[in-house]
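The values are calculated or read from the model by the stated rules, or taken from the named source; none is laboratory data. Everything numeric in this text was worked out from a predicted model, so none of it was measured. Cβ placement follows ideal geometry from the backbone for every residue including glycine, while neighbour counts extend to all protein chains displayed.
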Amino acid sequence: MAHARLSAIGMAVPEKIITNAFFESLIETTDEWIVSRTGIKTRYHTGPNEFTSDLCVKAVQDLVAQYPAVSLEDVDMILVATTSPDQPMPSMACRVQHRLSLSRAGALDIYAACAGFSYGVVMATGLIAGGIHKKILVLGAETLSKVTDFTDRSSCMLFGDGAGAVLIEADETGNIGVGITGASGEGGPDLFISGFADNIDGQPLTMNRCIVQNGKKVFKWAVNKAIEQMPILAAANGLTLSQIDWFVPHSANLRIIEAICKDTGFPVEKTLESIVDYGNTSSASIPIALYNGIKSGKVKRGDKIMIFGFGGGLAYAGTVITW
């Protein structure tokens, strides 16, 4: 059986940086309030003619720039996790395939919100283990500023735009371990973007094509689910939490990450986040955090990294990578 190796990583954000001061003219808030509640200092927003597929392409281009020995000519599958595609069809994966001229690759989008990137890594590992594919690009990419309700004081300052890309290849030994996936579908009404339906299980939905969330309920679910699943994921990989060098959760809110670390006893200083500088970038938050952890020199070769995504669905997924 083939094993899967995560061998390269890249990321991209738009040029336009948004400080907390931007929101002071839109809603009743202050920089101090935003930082105290979320930890966020800045995030990035796309321009009117910049979309998710653009960020995907830039993230892959950055991956190649960071790892010059990498060749993408034989990539045979592209998986893109996003909740904010350019349009419902064609998929972002097909757009990436076309724009990067990766004609040998299959293409599929993953719609698992903030857990999407982690799902993508788990899926890519399985496709390689099954001998179906040998070289897979997995991306998490979002332009959440295009689906943000800027009148919603409770959430509009949270979201940012960005993309992360990793290359996962068939390898004799591999560095991606056992993965877990799961969902609590009954929590769908607590975090959603309205679409064609006007209700979920009889509950009316706001029909404005914007992100709507019950922050308190999602916060509690995310913390409890991480506390429950982290030791299970570690054990599935023959480890204890104390043997994990770096924890990379979805960066939804710095206070969620702090609560998870407090309740599990995992050191917050061994946790990688992207929330402070990039905001909540949903499916892009984990690869952006991992990219910066590697780039800064924090993550060393041989380090064991637990990634764990959680969000809309409500869905979760995670795995352990030995960098």
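Numerical summary
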quantity	calculated
When residues of the range 268-322 are limited to those that are among the polar types (S, T, N, Q) and surrounded by fewer than 24 Cβ atoms within 10 Å (Cβ to Cβ), the one farthest from PRO249 (Cα to Cα)	SER296
Matching residues in the range 129-156 - criterion: being in contact with a Gly (Cβ under 8 Å, 6 or more places away or on another chain), part of a loop (DSSP other than H, G, I, E, B) and modelled with pLDDT of 95 or more	HIS133
Odd one out for ASP76, checked against (1) farther than 16 Å from SER283 by Cα; (2) surrounded by fewer than 22 Cβ atoms within 10 Å (Cβ to Cβ); (3) within 18 Å of the chain's Cα centre (by Cα); (4) not β-branched (Val, Ile, Thr)	(3)
Count of residues meeting criterion [outside any helix (DSSP H, G or I), on the phi > 0 side of the Ramachandran plot and of a type in the set (A, V, I, L, M, F, W, C)] in the range 101-115	0
Strands (runs of 3 or more DSSP E) (entirely within the range 12-100) containing at least 3 residues that are of a type in the set (D, E, K, R) and under 21 Å from GLY140 (Cβ atoms)	none
From ALA59, ALA2, ALA8, ALA12, residue being at pLDDT below 95, closer than 22 Å to ILE110 by Cβ and of a type outside the set (Lys, Arg)	ALA2
Residue satisfying all of: in the range 1-39; without any contact (Cβ under 8 Å) to a residue 12 or more places away in the chain and not charged (D, E, K, R); farthest from ALA259 (Cα to Cα) among these	SER25
Selected residue (criterion: surrounded by the fewest Cβ atoms within 10 Å (Cβ to Cβ)) from residues of the range 149-166 that are closer than 21 Å to GLY116 by Cα and of a type outside the set (A, V, I, L, M, F, W, C)	SER155
Options GLY187, GLY160; residue that is touching a strand residue (DSSP E or B) at 6+ places or on another chain (Cβ under 6 Å) and in contact (Cβ under 8 Å) with a residue 12 or more places away in the chain	GLY160
